[in-house]
């Protein structure tokens, strides 16, 4: 990592408010180059509090862009951080309309050239895409990192039509805690408490809405740019990582947008910017790469960025299973289009006699984290224990097999109950027997004819179902084996169906299709070393509490119960240069009995403290969120307690039953 302390331009920073047409103002921070000439503007727009939560990350990139001749602006969405207004659901029509106003307002400032770019990771990448699909005239280019074009089937809520227990709940619980945080009096003055109480009165747990829409209906079509790629009015640099759940969006954007509008980049990374140096690496000079993008599209400089292959992808070499890799072996390839003329589908027929697949309900505990962030326990460990709970089919690798893209399975199934789900994992089996997860996919069998409908399985009938696995770049070396593992359960990623008794899989008529890429790695695809601007200077003090394991599995042998405890490790305790002491603690718990799908339970507990000793300001947010179920309903329970000092200023509980339809 190279830290830059000098740039072509000196820079300045200031905080200001962006006025909206309805009188609401949004809190913003801009880093600008010192120049008399107007410059293009870059916008990062999200709810995660620019004055504290994302401040360390913001300082790595916004000053860097300013030093290279851009006004780089960070804005909190309405109802979050120090912005006015009330919070809304994620990517609401209000949020996107506000974003369009912000783009137009920034373009009209006297320090602006009138050309705007948007960038962001995750939420900021989502709304960059969605606002680009609304096509405000000044928005000429975006860089969208770890984002999704399909809010239903490639986001945090559903996978293959199945409820994502692991992050549907965890993220809803996280946002319940986040939206309950107060504005900061250091920035908004004495109005902070009235703003906070007004905001709290409008809080509604996201999980109620998300679980109330279990098929791909109009709620999910809103904000899903896959509904009409042609609406996107800006040039798109789409970036992802093979260890991020959103990476398939890059492949689809490259496929559906014209050559002169899009470039795709997929590396070995987790849910992080590729310059942060977090595992798995290698990291790249991502800020320099995006500068080439901005200079071309916002300044009209021919940087050669559009002469790059339409898709640049990292293909990993085979590697032993581990929960963290500082760097993965492998290299880059370039493809002129997607689907690529260099990729050929190769089919492997399954062999054997019919097999009953009735996996224990705790199958999936070794799935790893849905959102890897570069922590030590994020990635899946050796899959042999999971494979033992699955039906496995193996194929020898006499010569190297290099794959790039989305594998596909066709399974001939017979089922004696109306609902179920199939999970397919692709594993790399080394000569010593170790099993490394390569990729996976899920199909809710009631969604086999479309994600927008629920079709019960005809009892006792045999049908063929086909579904894709998540995209990957991987090399199987000679002497290894390719293993396809099929299970009927995958907890806690996938919420079990109420009558989950598995299915019979008939190998005859079933197949695995791999996207085999011809050719060698391309050593001419290179990137500079990662650069960032000088860090903010946040201090992370050691605490007296013993650090919890990141992922802990507990088995109650007598009850046949399994519990997974996850510490998401978002930030812990930190002290900011302006004196803010910020403490957060979270624990996610997933519990199930190995023979009872109705025993599934998720729980998330959050505590957040924001403290300014110099102002005598000390606030605390505590939340508890749970989901349980019976055969008919999900039961969602939520509680929020907020304190100003010792005074409880807000306390509310919610209890809601939500009918199980597709879930």
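The values are calculated or read from the model by the stated rules, or taken from the named source; none is laboratory data. Since the model is a prediction, treat every value here as computed from it, not as a measurement. All Cβ positions, glycine included, derive from the backbone under ideal geometry; neighbour counts span all protein chains shown.
Report the residue count in the stretch 161-174 for those that are more than 14 Å from the chain's Cα centre (by Cα) and either over 30 Å from residue 466 (Cβ atoms) or surrounded by fewer than 23 Cβ atoms within 10 Å (Cβ to Cβ) (or both).
1
Consider residue 327 against the criteria (1) buried (at least 18 other Cβ atoms within 10 Å of the Cβ); (2) touching a strand residue (DSSP E or B) at 6+ places or on another chain (Cβ under 6 Å); (3) outside the structural domain of residue 125 (by TED's automatic domain parsing): it satisfies all of them except one. Which criterion is unmet?
(1)
Which numbered condition in (1) under 28 Å from residue 155 (Cβ atoms); (2) surrounded by fewer than 21 Cβ atoms within 10 Å (Cβ to Cβ) is the only one that residue 438 fails?
Failing condition for residue 438: (2).
Filter the stretch 453-482 for residues that are in contact with a helix residue (DSSP H, G or I) (Cβ under 9 Å, 6 or more places away or on another chain) and part of a loop (DSSP other than H, G, I, E, B); which is surrounded by the most Cβ atoms within 10 Å (Cβ to Cβ)?
471
Quick grid of which residues meet (1) in the same structural domain as residue 651 (by TED's automatic domain parsing); (2) part of a helix (DSSP H, G or I); (3) out of contact with any helix residue (DSSP H, G or I) (no Cβ under 6 Å at 6 or more places or on another chain):
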{"residue": "153", "(1), (2), (3)": "no, no, yes"}
{"residue": "169", "(1), (2), (3)": "yes, yes, yes"}
{"residue": "173", "(1), (2), (3)": "yes, yes, yes"}
{"residue": "183", "(1), (2), (3)": "yes, no, no"}
{"residue": "189", "(1), (2), (3)": "yes, yes, yes"}
{"residue": "195", "(1), (2), (3)": "yes, yes, yes"}
{"residue": "200", "(1), (2), (3)": "yes, yes, yes"}
{"residue": "220", "(1), (2), (3)": "no, yes, yes"}
{"residue": "226", "(1), (2), (3)": "no, yes, yes"}
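Sort out which residues of the stretch 602-621 are out of contact with any helix residue (DSSP H, G or I) (no Cβ under 8 Å at 6 or more places or on another chain), under 18 Å from residue 589 (Cβ atoms) and buried (at least 19 other Cβ atoms within 10 Å of the Cβ), and write them in order of number.
Residue satisfying the conditions is 603 alone.
Quick check on this structure: which one of 363, 353 is more than 19 Å from residue 403 (Cβ to Cβ) and in contact with a helix residue (DSSP H, G or I) (Cβ under 8 Å, 6 or more places away or on another chain)? Quick ask: steps written out before the conclusion?
On the way: 353 fails: in contact with a helix residue (DSSP H, G or I) (Cβ under 8 Å, 6 or more places away or on another chain).
Within the list 363, 353, the selection yields 363.
May I ask you to list the residues in the stretch 125-143 that are in contact with a strand residue (DSSP E or B) (Cβ under 9 Å, 6 or more places away or on another chain) and either assigned to a strand (DSSP E or B) or under 17 Å from residue 46 (Cα atoms) (or both)?
125, 126, 127, 128, 129, 131, 132, 139, 140, 141, 142, 143
Every residue, every condition in (1) surrounded by 14 or more Cβ atoms within 10 Å (Cβ to Cβ); (2) over 24 Å from the mean Cα position of the chain (by Cα); (3) in the same structural domain as residue 103 (by TED's automatic domain parsing), yes or no:
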position: 5; (1), (2), (3): no, yes, no
position: 33; (1), (2), (3): yes, yes, yes
position: 40; (1), (2), (3): yes, yes, yes
position: 43; (1), (2), (3): yes, no, yes
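Could you say which residue among 98, 89, 76 is at pLDDT 95 or above, closer than 27 Å to residue 218 by Cα and touching a strand residue (DSSP E or B) at 6+ places or on another chain (Cβ under 6 Å)? Before you say what the answer is, go through the steps one by one.
Working: 98 fails: touching a strand residue (DSSP E or B) at 6+ places or on another chain (Cβ under 6 Å); 89 fails: touching a strand residue (DSSP E or B) at 6+ places or on another chain (Cβ under 6 Å).
Every option except 76 fails the conditions.
Considering only the stretch 7-19, how many residues are surrounded by 14 or more Cβ atoms within 10 Å (Cβ to Cβ) and either modelled with pLDDT under 95 or out of contact with any strand residue (DSSP E or B) (no Cβ under 7 Å at 6 or more places or on another chain) (or both)?
Residues that pass the stated criteria total 1.
This table checks each residue for (1) in contact (Cβ under 8 Å) with a residue 40 or more places away in the chain; (2) buried (at least 22 other Cβ atoms within 10 Å of the Cβ); (3) farther than 30 Å from residue 532 by Cα.
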residue	(1), (2), (3)
219	no, no, yes
223	yes, yes, yes
227	no, no, yes
248	yes, yes, no
257	no, no, yes
264	yes, yes, no
283	yes, yes, no
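Confirm whether residue 293 is outside any helix (DSSP H, G or I), crowded, with 19+ Cβ neighbours inside 10 Å and at pLDDT 95 or above. Break it down into steps so the answer makes sense when it comes.
Values: outside any helix (DSSP H, G or I): no; crowded, with 19+ Cβ neighbours inside 10 Å: yes; at pLDDT 95 or above: yes.
So residue 293 does not fit the description; no.
So, residue 370, is that one outside any loop (DSSP other than H, G, I, E, B), at pLDDT 95 or above and either assigned by TED's automatic domain parsing to the domain that holds residue 490 or surrounded by fewer than 18 Cβ atoms within 10 Å (Cβ to Cβ) (or both) or not?
Working: outside any loop (DSSP other than H, G, I, E, B): no; at pLDDT 95 or above: yes; either assigned by TED's automatic domain parsing to the domain that holds residue 490 or surrounded by fewer than 18 Cβ atoms within 10 Å (Cβ to Cβ) (or both): yes.
When the stated conditions are applied, residue 370 does not pass them.
For the stretch 306-338, which residues satisfy the criterion of being touching a helix residue (DSSP H, G or I) at 6+ places or on another chain (Cβ under 7 Å) and assigned to a loop (DSSP other than H, G, I, E, B)? Show your work before the answer.
Of all residues in the stretch 306-338, those touching a helix residue (DSSP H, G or I) at 6+ places or on another chain (Cβ under 7 Å) come to 306, 310-311, 338.
Residues satisfying the conditions are 310, 338.
In the stretch 244-285, how many residues are assigned to a loop (DSSP other than H, G, I, E, B) and under 17 Å from residue 330 (Cβ atoms)? First the steps, then the outcome.
To start, the set of residues in the stretch 244-285 that are assigned to a loop (DSSP other than H, G, I, E, B) comprises 244-247, 257-261, 268-280, 282-285.
Among the residues that remain, those that are also under 17 Å from residue 330 (Cβ atoms) are: 244, 247, 268-270, 274, 279-280, 282-284.
Within the stretch 244-285, residues that are assigned to a loop (DSSP other than H, G, I, E, B) and under 17 Å from residue 330 (Cβ atoms) number 11.
Being buried (at least 23 other Cβ atoms within 10 Å of the Cβ) and either touching a strand residue (DSSP E or B) at 6+ places or on another chain (Cβ under 7 Å) or more than 28 Å from residue 598 (Cα to Cα) (or both) is true for just one of 430, 399, 422. Which residue is that?
Details: 430 fails: buried (at least 23 other Cβ atoms within 10 Å of the Cβ); 399 fails: buried (at least 23 other Cβ atoms within 10 Å of the Cβ).
Selected residue: 422, the only one of 430, 399, 422 that is buried (at least 23 other Cβ atoms within 10 Å of the Cβ) and either touching a strand residue (DSSP E or B) at 6+ places or on another chain (Cβ under 7 Å) or more than 28 Å from residue 598 (Cα to Cα) (or both).
With respect to residue 116, determine if the residue is closer than 23 Å to residue 24 by Cα, buried (at least 24 other Cβ atoms within 10 Å of the Cβ) and in contact with a strand residue (DSSP E or B) (Cβ under 6 Å, 6 or more places away or on another chain). Before the answer, list the steps.
Values: closer than 23 Å to residue 24 by Cα: yes; buried (at least 24 other Cβ atoms within 10 Å of the Cβ): yes; in contact with a strand residue (DSSP E or B) (Cβ under 6 Å, 6 or more places away or on another chain): yes.
Yes.
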